[in-house]
Every structure is written in structure tokens, then in C-alpha cells.
């Protein structure tokens, strides 16, 4: 009889022990992306310290225009990669004179294709704005900035003998800087000076020439005697 009582007591103790077990205790590690409190500590996913080191649980720069380092990574607003796609930080094109890669395409200022027609950049290179004799020459030593037959500015080698304005010519490089070897329609080709009729700085022509013949597709003109 005593043995039977002991057995019953043992079974009762085992039953009580099993009832005290919390099923949640079977999960000791928080799964950090299932929206559940896996380890029963009252904290779900990224709220749980067990998830603190995971990349998906790191804070992000949420407000990209508040002048604050929201995520504590030392980068404020648009400086933070978290804000690359934020409306406050997306720039449609390159600002051509601030030393920054504004549109994040790997090219800065005048090296960016967005700046090819920027007046700031045109004035710092061989371009249609620096073709004239009084302009700074941005070509290498022994070269000069001229326009070719497509009216594109390019650097050409300075010939040993250079012609004068209005001299007969066969190619543009033999003409002086700021001119184009071209026929005016009535006469053989000569070194016709370039001018810009709408620009008071470059409207005047050498000698008795008149700024009158437009070069199609450009803002340049030719001086005709």
C-alpha cells in the first residue's frame, strides 16, 4: 500500500512540474524577422537585444532634411547613404562649380556630361566661348583652339607659318586663332574671322569686316569684307 502511495505522489510531482514549464522557454533565441516574441521576454524582433547586431536591425537616417544624425553614424541627412533615394537628396543634374558629385554618377563638375554646355565649364576649356584671340588658350603648348568643319571646338597644332585674317587658305589650322577657312560664297576660301553678333564683346570684326554670316547650328558668325 505504501508503495502505491509513493508511486501516486511521484506521478503528481511530475505532473505539477510539467504544468509549471512555460512552452515559450523552449525558444531561447529570438528570430528577428517573424514579428513574434520567440524567447518570451516581451520584446519582438529588432526590439530584442539578441537582434541588436543584425544589419536589418540597425537604425537608419529616417528624416533626411532635419539637420540631425538620426542613426548616430556620423553622417547627417543627405551625407548618409540611407538618404540616397530621399526626395530631399535626389538632384536631377550636376551643379557644375561646387566640387561635388551632386548626381552621384562618378563625375564631378566639368567632367560630368551634364556640364558640357555650362558656361562656367565652357570658359575653362577649348570651346566656342574660348575660340577668340583674346581668350585664354586651354590647349597644350604648341596648339591652339579652333573650330573644325563641323563647327566643333578642337585643339590643333600651330603651323610653322600662320596666315593672317582674310588671307586665302586651304585648311583652317593654317589660319590665325579665331577664324575659319571658308568661302563667303562669292570668293575663294579665306581665313574669315569669327564673331558673335549677339554678344557686344565679340561683335566687332578685324579690319573693315562685318559680322554677318551665321554658322548654322551655332551662335557664331563670320566676318566678311
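The values are calculated or read from the model by the stated rules, or taken from the named source; none is laboratory data. These numbers come from a predicted model, not from an experiment. Here the Cβ is made from the backbone with ideal geometry for all residues, glycine too, and neighbour counts use every protein chain on show.
Observations on the structure shown:
- Against the test of being within 27 Å of residue 95 (Cα to Cα) and more than 29 Å from the chain's Cα centre (by Cα), the options 114, 184, 148, 199 yield a single qualifying residue, 199.
- Scanning region 133-147 for residues that are at pLDDT below 90 and touching a helix residue (DSSP H, G or I) at 6+ places or on another chain (Cβ under 8 Å) turns up nothing.
- Screening residue 41 on (1) out of contact with any helix residue (DSSP H, G or I) (no Cβ under 7 Å at 6 or more places or on another chain); (2) at pLDDT below 80 shows it passes everything except condition (2).
- Taken over region 149-171, the criterion of being touching a residue at least 12 places away in the same chain (Cβ under 8 Å) and under 21 Å from residue 203 (Cα atoms) is satisfied by 151, 153, 164, 165, 166, 167.
- Check on residue 138, within 30 Å of residue 110 (Cα to Cα), touching a residue at least 40 places away in the same chain (Cβ under 8 Å) and surrounded by 14 or more Cβ atoms within 10 Å (Cβ to Cβ): no
- Single unsatisfied condition, residue 167 versus (1) on the phi < 0 side of the Ramachandran plot; (2) within 42 Å of the chain's Cα centre (by Cα); (3) surrounded by 14 or more Cβ atoms within 10 Å (Cβ to Cβ): (2)
- Just one of (1) at pLDDT below 80; (2) farther than 30 Å from residue 110 by Cα fails for residue 46. It is (1).
- Listing of strands (runs of 3 or more DSSP E) fully contained in region 95-214 that carry 2 or more residues being closer than 20 Å to residue 225 by Cβ and outside the structural domain of residue 80 (by TED's automatic domain parsing): 179-182, 190-195, 210-214
- Residue that is nearest to residue 145 (Cα to Cα) [pool: residues in region 216-225 that are in contact with a strand residue (DSSP E or B) (Cβ under 9 Å, 6 or more places away or on another chain) and surrounded by fewer than 17 Cβ atoms within 10 Å (Cβ to Cβ)]: 218
- Restricting region 76-89 to residues that are in a loop (DSSP other than H, G, I, E, B) and surrounded by 14 or more Cβ atoms within 10 Å (Cβ to Cβ), the residue that is farthest from the chain's Cα centre (by Cα): 76
- Region 202-213 - residue that is without any contact (Cβ under 8 Å) to a residue 60 or more places away in the chain and closer than 21 Å to residue 135 by Cα and, of those, nearest to the chain's Cα centre (by Cα): 203
- Residue 51 falls short of the stated requirement of being modelled with pLDDT under 85 and surrounded by 17 or more Cβ atoms within 10 Å (Cβ to Cβ).
- Residue check for residue 180: crowded, with 17+ Cβ neighbours inside 10 Å and farther than 22 Å from residue 223 by Cα: no
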